[in-house]
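Below is one structure, written out as structure tokens; the observations come after it.
The values are calculated or read from the model by the stated rules, or taken from the named source; none is laboratory data. Note that this is a predicted model, so its numbers are computed, not measured. We place every Cβ from the backbone using ideal geometry, glycine too, and count neighbours over all the protein chains shown. Protein only, heavy atoms only, side chains kept; ligands, DNA and RNA dropped before computing areas. Shrake-Rupley method; radii C 1.70, N 1.55, O 1.52, S 1.80 Å.
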Amino acid sequence: MPGGRLTQQERQQIALGVADGLAYAEIARRLDRPTSTVTREVMRNGGPTGYRADLAQRATERRTHRRGQTAARSPQASPPAHGRDPEALRAYEETFTTVLVQSGMPTMMARVLTCLFTTDEGSLTASELVQRLQVSPASVSKAISYLDGQGLVRRERDERRRERYVADNDVWYQSMMASARGTAVLAETARQGVGILGPDTPAAVRLENIARFVDFVSESISRAADQARDILHPKPEGTPADTTPADQAAARTADTTAATATTATADASDASDTSAPGPVRG
């Protein structure tokens, strides 16, 4: 199986295969290349509807030139951790990014998340992401805002008070739960339409079926995520269960209500004791 970078002729064959609607695996078989190589090549150069062999070739040449300049500016760069092969690691990062993009994640967000996942520390600052990805601070900021909103990263401060972005074991659980909550909102919205459209109309029946299906999926996701975290990443004994701010507020309200009720009961008891007649003395 040939190795190294794709040639311009191979890129032209990929473009023809994509235009003919061939699967990536079939194109890769004809080139005697891994399927991941073809998938990564297409997705990073316009996708199946925008791939052009000449544009992809020029983009690769520009990336190669930039990497050469970076290497020239950093002759004392530290060796890769744990003896990793830099080229193999770079290829894997591109493959992982491609998979995330195919699942619907925007490219820059996928690049940032892949960078966090493949970092031993599991956390990076904004400046570190800018340096590793060779992108603008604004691009990193936008990507982090998106990933934070999806529950895929969390923010924390290090000892130097710098904001760090973290992707650990629990982040994927939080993302799944956020997805389940969003799905539950979809079900509730669908049910609102039933009353508006009329319960016996075809449109209302369709919306009710959507709500029931989405409810089932949402509950299944939540149960599966809880079970997976309990089995794969159990918390040490004595660690309090996770609660959301809303849960914490509800708990505080319940405690306050209970305390108020207890006080009121005690006051009523004291008042009753005071007003009750004492023993008759002879």
query = Under 8 Å by Cβ, and 6 or more places apart or on different chains, what pairs join a residue from region 9-20 that is within 15 Å of residue 60 (Cβ to Cβ) with one that is β-branched (Val, Ile, Thr) and at pLDDT below 90?
reply = 14/38; 14/42
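What tally of residues in region 39-66 results from selecting those that are of a type in the set (A, V, I, L, M, F, W, C), under 30 Å from the mean Cα position of the chain (by Cα) and modelled with pLDDT of 85 or more? Step through it out loud before you land on a result.
Step one: list which residues in region 39-66 are of a type in the set (A, V, I, L, M, F, W, C), which gives 42-43, 53, 55-56, 59.
Still in the list and also under 30 Å from the mean Cα position of the chain (by Cα): 42-43, 56, 59.
After this cut, where a residue has to be modelled with pLDDT of 85 or more as well, the list is 42.
Total meeting the criteria: 1.
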ask   = Do you know which of the residues in region 141-156 that are surrounded by 13 or more Cβ atoms within 10 Å (Cβ to Cβ), in contact (Cβ under 8 Å) with a residue 24 or more places away in the chain and of a type outside the set (Gly, Ala, Ser) is nearest to residue 180 (Cα to Cα)?
value = 150
inquiry  = Condition first: open to solvent by 60 Å² or more (accessible area, probe 1.4 Å), outside any loop (DSSP other than H, G, I, E, B) and either charged (D, E, K, R) or touching a helix residue (DSSP H, G or I) at 6+ places or on another chain (Cβ under 6 Å) (or both). Now tell me which residues in region 36-56 satisfy that.
reply    = 48, 54
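Out of the residues in region 81-116 meeting the condition of being of a type in the set (Lys, Arg) and within 25 Å of residue 137 (Cβ to Cβ), tell me which one is modelled with the highest pLDDT.
Initially, region 81-116 is screened for residues of a type in the set (Lys, Arg), giving 84, 90, 111.
Keeping just the survivors that are within 25 Å of residue 137 (Cβ to Cβ) gives 90, 111.
Numbers: 90: 85, 111: 92.
So, considering only residues that are of a type in the set (Lys, Arg) and within 25 Å of residue 137 (Cβ to Cβ), the one modelled with the highest pLDDT is 111.
Given the residues 225, 138, which is the only one that is surrounded by 17 or more Cβ atoms within 10 Å (Cβ to Cβ) and more than 18 Å from residue 105 (Cβ to Cβ)?
225
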request  = Would you mention how many residues in region 93-139 are out of contact with any helix residue (DSSP H, G or I) (no Cβ under 9 Å at 6 or more places or on another chain) and either over 21 Å from residue 154 (Cα atoms) or touching a residue at least 12 places away in the same chain (Cβ under 8 Å) (or both)?
outcome  = 1
query = Tell me, which helices (runs of 4 or more DSSP H) lie completely within region 82-166 with 1 or more residues that are under 13 Å from the mean Cα position of the chain (by Cα) and under 28 Å from residue 39 (Cα atoms)?
reply = 86-102, 107-117, 137-149
query = Residues in region 180-203: is at least one among the hydrophobic types (A, V, I, L, M, F, W, C), at pLDDT 90 or above, touching a Gly at 6+ places or on another chain (Cβ under 9 Å) and surrounded by fewer than 16 Cβ atoms within 10 Å (Cβ to Cβ)?
reply = yes
